[in-house]
Amino acid sequence: MKLQSSPLYHHTPYDGSRQPFTVGLEPISEDSWLEVDTNLEYQLERKAQLLASDIDAVFRAEVDTVAAQQEAYELVVEHLRRLGNEDYDVSSSPPVPRVIGVKHDEREAPLVRAARLVQEDLVLMRPSKDGYRLVAACLCFPSSWSLAEKFGKSMFAIHETVPNFNHGKMGRIVDRLFQNLKVGQLVGRYNWSIYDDAELFHPHPKRISLRPSELSIEALARLFIRVERQTLRRLPESGYVLFTIKIHHDPLATLRQHSRAAELASGLKQQLLALTPDQRTYKGLDEFQHLIVAALEDVVNCSKSA
């Protein structure tokens, strides 16, 4: 399996345009709901590997969610067919990614069949007396959280380790948004984190495995900015909320060559410096913040002198 090139720095929420640990939801169009890029083959093959090797780690569903899963599947198929993207054979049923030729298996859960078609992970949230609960998900590319641990929990319980989510305004805002989201209304937001590899399946807590003594400015080129593009929409029949997550990896090794190098490095530096101690710990950056900041300052200085 060959790792294809991906559109680097396609989404840059760390450039100062958005603030971390805020809701930051924005309207998105139907046409831009799901993304297709040059990493399609790699990400779909990685999903297939994970589903084949340990499906319980990446797929869970309550038994009464099949109809809602089917809704989500049909929505994904309709979206791909309507857009007619050249990466898909829309003459087949369902549309098949040309790079991998996903086999349609009716014995699989509808949410798994849908997730095999697209780069996004798919999560279904159902309203309950405790708020919206995670009741079904095909989550192959988690960013430091385990589906086994979060499955069945409410939005508030899922985010109990996120600084100020449950004890500040963020949790209340998200809860109201879930309650008030209308059918046909699509919204999106972004998260970013820093990892020391480009592995997509990260169910364990964030941490950089290098020792601080090993992490020179040059060694920081081994790090990746991991960006999550998240979308929300309500399913029209069941009323569940369909949550999608798409992963992008921006290697710091290439930042220096980017046309916006100074802007991106400066923005990320400022966001790192603005993190509270709790936020820094949550992102796994306690030991490395000052080193990453120094590396980013070096990028900014080199760009100015170039």
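The values are calculated or read from the model by the stated rules, or taken from the named source; none is laboratory data. None of the values given here were measured: they were computed from a predicted structure. When we count neighbours, we look across all protein chains shown, and the Cβ atoms used for this are built from the backbone with ideal geometry, even at glycine.
The figures follow:
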quantity: Unmet criterion (only one of (1) surrounded by fewer than 17 Cβ atoms within 10 Å (Cβ to Cβ); (2) at pLDDT 95 or above) for Ala136; calculated: (1)
quantity: Every residue from region 56-65 that is assigned to a helix (DSSP H, G or I) and under 19 Å from the mean Cα position of the chain (by Cα); calculated: Ala57, Val58
quantity: Of all residues in region 231-274 being modelled with pLDDT under 95 and assigned to a loop (DSSP other than H, G, I, E, B), the one that is nearest to Gly184 (Cα to Cα); calculated: Arg260
quantity: Residue match in region 161-182 (condition: in a loop (DSSP other than H, G, I, E, B), touching a Ser or Thr at 6+ places or on another chain (Cβ under 8 Å) and on the phi < 0 side of the Ramachandran plot); calculated: yes
quantity: Within region 160-183, considering residues that are touching a residue at least 40 places away in the same chain (Cβ under 8 Å) and over 18 Å from Gly24 (Cβ atoms), the one surrounded by the fewest Cβ atoms within 10 Å (Cβ to Cβ); calculated: Lys182
quantity: Region 122-145 - residue that is of a type outside the set (Val, Ile, Thr), outside any loop (DSSP other than H, G, I, E, B) and in contact with a Ser or Thr (Cβ under 7 Å, 6 or more places away or on another chain) and, of those, farthest from Asp87 (Cα to Cα); calculated: Arg133
quantity: One residue from Val58, Val99 being touching a Leu at 6+ places or on another chain (Cβ under 7 Å), buried (at least 22 other Cβ atoms within 10 Å of the Cβ), farther than 22 Å from Pro236 by Cβ and in contact (Cβ under 8 Å) with a residue 24 or more places away in the chain; calculated: Val58
quantity: Residue satisfying all of: in region 32-55; outside any helix (DSSP H, G or I) and in contact with a helix residue (DSSP H, G or I) (Cβ under 7 Å, 6 or more places away or on another chain); surrounded by the fewest Cβ atoms within 10 Å (Cβ to Cβ) among these; calculated: Trp33
quantity: Selection status of Leu268, touching a Gly at 6+ places or on another chain (Cβ under 9 Å) and surrounded by 21 or more Cβ atoms within 10 Å (Cβ to Cβ); calculated: yes
quantity: Residue list for region 244-265, restricted to those being surrounded by 15 or more Cβ atoms within 10 Å (Cβ to Cβ) and either free of Cβ contacts under 8 Å to residues at least 40 places away in the same chain or of a type in the set (Asp, Glu) (or both); calculated: Asp250, Glu263, Ala265
quantity: Single residue of Leu177, Leu215 found to be in contact with a helix residue (DSSP H, G or I) (Cβ under 9 Å, 6 or more places away or on another chain), modelled with pLDDT under 95 and more than 26 Å from Leu117 (Cβ to Cβ); calculated: Leu215
quantity: Which numbered condition Ser128 fails, given (1) over 29 Å from Ser193 (Cα atoms); (2) among the hydroxyl-bearing types (Ser, Thr, Tyr); (3) crowded, with 18+ Cβ neighbours inside 10 Å; calculated: (3)
quantity: Extreme residue, nearest to the chain's Cα centre (by Cα), among residues of region 285-306 that are buried (at least 17 other Cβ atoms within 10 Å of the Cβ) and in contact (Cβ under 8 Å) with a residue 60 or more places away in the chain; calculated: Leu285
